[in-house]
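Please read the structure below before turning to the comments.
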Amino acid sequence: MTLVLGIESSCDETAVAIVADDRRVLAERIASQMEAHRPFGGVVPELAARAHAERLQPMARAVLDDAGVALADIDAIAATAGPGLIGGVMVGLVFGKALAYATGKPLFGINHLEGHALSPRLVDPALRFPYLLLLVSGGHCQILTVEGIGRYRRMATTIDDAAGEAFDKVANMLGLGFPGGPAVERAALAGDPRAVPLPRPLTGSDEPHFSFAGLKTAVLRAVERGGHSAPDLAASFQQAVADCLVDRTRIAMRRRADATALVVAGGVAANKAIRAQLQALAMAHALPFVAPPMRLCTDNAAMIAWAAHERLAAGLAPDADPQARPRWPLDPLAEAARGAGVKA
Ligand code: KG4
Ligand code: ZN
């Protein structure tokens, strides 16, 4: 049995996990920093880095104890090396380097997006390449073709905001609090998705890219004009996002008729209305729909450890001295989306 200890610290979750090559997650701990950031209505990078630094060492100790293994039993260390908030990434990567140095075990600097991309295979051994991945979170909004380990084609990205970011900003406008996604979803339950006419940016265009800035501004204008209830605004906004995601994913599916499945991951995949509409799209095209369990969909360390297992199994050696990278596109060949302002 091979054991990998994974570390994730690229945003506001501090996480450590120990994963075996037979897909068992032996132990896993995750600490959200939501409370620290709530007064600011968003993630404060400086606070995040400090919290990671305080928590990682005791958390790794606790995870080893939970798993009942000694540090010497670990075969490799895996730490997120980017993309993400650079302070937090550096804290996690340096901690991983220290563990690797102390134990003489290899260190994998893992691309956080690769962690998301391969996470469905941690729970579904039958999932075959190539598959389509719609990654929708607070920091990412991309459609990728996962062709193999280390082989990713980015078909689409956002030209401005990520979908989760738009949820958070709209929640703010409606006074629903942080984090916004779950709050908007709750409010939307009591609203009419057709009540407020809102744009569906980029739908119908040939390239499957995303844009949410115009939609967000349209919600702001509607709030300023008045006359609509918060539930109606939330429901109409949520439906507009769902329509954009479905339309863009449909284009990507048409392009990659060889895909074996449609996989969704990221915090926004927690949204039941959005999930249901994506599932209906996949079913209409007779494509299996895979949505990993929520604990794997949002940021976590098991996916980072698993990506290292995949690399080990594929015979890919780790970089000798991985560096922390704020930006690190999974597909280096992907052209920047038109409209600039492109996120990692
Ligand atoms: O994957 P995640 O935990 O962290 C990263 O951004 O990487 O995603 C968090 C994002 C936030 O923007 C949050 O508002 C959004 O996912 N989110 C949701 C829901 N739950 C979380 N958006 C819509 N509906 C939800 N139920
Ligand atoms: Zn993420």
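Here are the numbers:
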read-out: Estimated [θ] at 222 nm from DSSP helical runs (n ≥ 4, -39500 (n - 2.57)) normalised by residues in the chain, nearest 500; value: -13500 deg cm²/dmol
read-out: Percent of C-alpha pairs per 5 Å bin, the stretch 1-104, short to long; value: 2, 14, 24, 23, 17, 11, 5, 2, 0
read-out: Heavy-atom accessible surface of the stretch 128-295: percent carbon and sulfur, 1.4 Å; value: 54
read-out: Cut-off 14 Å between beta-carbons: net charge of the residues surrounding Ala222, Lys and Arg +1, Asp and Glu -1; value: +2
read-out: Rg(Cα) / (2.2 N^0.38 Å) computed for the chain, rounded to two decimals; value: 0.98
read-out: Degrees, to the nearest 10: 272-284 long Cα axis against longest axis of the chain; value: 90
read-out: Most fluctuating residue given options Ala252, Ala234, Ala126, as computed from a GNM of the chain linking Cα atoms under 10 Å; value: Ala126
read-out: For the chain, built as a Gaussian network whose Cα springs stay under 10 Å, the top-fluctuating residue of Ala78, Ala218, Ala270; value: Ala218
read-out: Charge dipole (debye, nearest 20) of the stretch 128-295; +1 at Cβ of Lys and Arg, -1 at Cβ of Asp and Glu; value: 380
read-out: Spatially proximal aspartates and glutamates relative to Lys169 (Cα-Cα < 12 Å; intrachain offsets below 8 disregarded); value: Asp161
read-out: Mean-position separation - Cα centroids, the stretch 5-25 and the stretch 82-138, in angstrom; value: 8
read-out: Separation in nanometres of the label points that stand 7 Å from Cα toward Cβ, at Glu147 and Arg23; value: 2.5
read-out: Listed residues Leu245, Leu71, Leu134, most fluctuating in the chain (Gaussian network, C-alpha, under 10 Å); value: Leu71
read-out: Surrounding net charge for Leu312, when Lys and Arg each add one and Asp and Glu each subtract one, Cβ distance under 15 Å; value: -2
read-out: Cα-derived Rg over Rh, computed across the stretch 128-295 with Rh taken as Kirkwood radius; value: 0.98
read-out: Reachable aspartates and glutamates, given that their alpha-carbon falls under 14 Å from the alpha-carbon of Lys105 and they are not under 8 places away in the same chain; value: Asp73, Asp75, Asp319, Asp321
read-out: Phi to ³J(HN,Hα) by Karplus 6.51 cos²θ - 1.76 cosθ + 1.60 over the stretch 135-149, Hz, x for Gly, Pro; value: 9, 10, 9, x, x, 10, 8, 9, 10, 10, 9, 8, 9, x, 5
read-out: Size of charge dipole - the chain - debye, nearest 20, with Cβ of Lys, Arg +1 and Asp, Glu -1, no other charges; value: 600
read-out: Neighbour net charge for Arg295 - beta-carbon separation under 13 angstrom, K R +1, D E -1; value: -3
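The values are calculated or read from the model by the stated rules, or taken from the named source; none is laboratory data. For clarity, every value in this text was computed on a predicted model and none was experimentally measured. Please note: Cβ atoms are built from the backbone with ideal geometry, for glycine as well, and neighbour counts cover all protein chains shown. All accessible areas refer to the heavy atoms of the entire protein, side chains included, with ligands and DNA or RNA removed. Shrake-Rupley method; radii C 1.70, N 1.55, O 1.52, S 1.80 Å.
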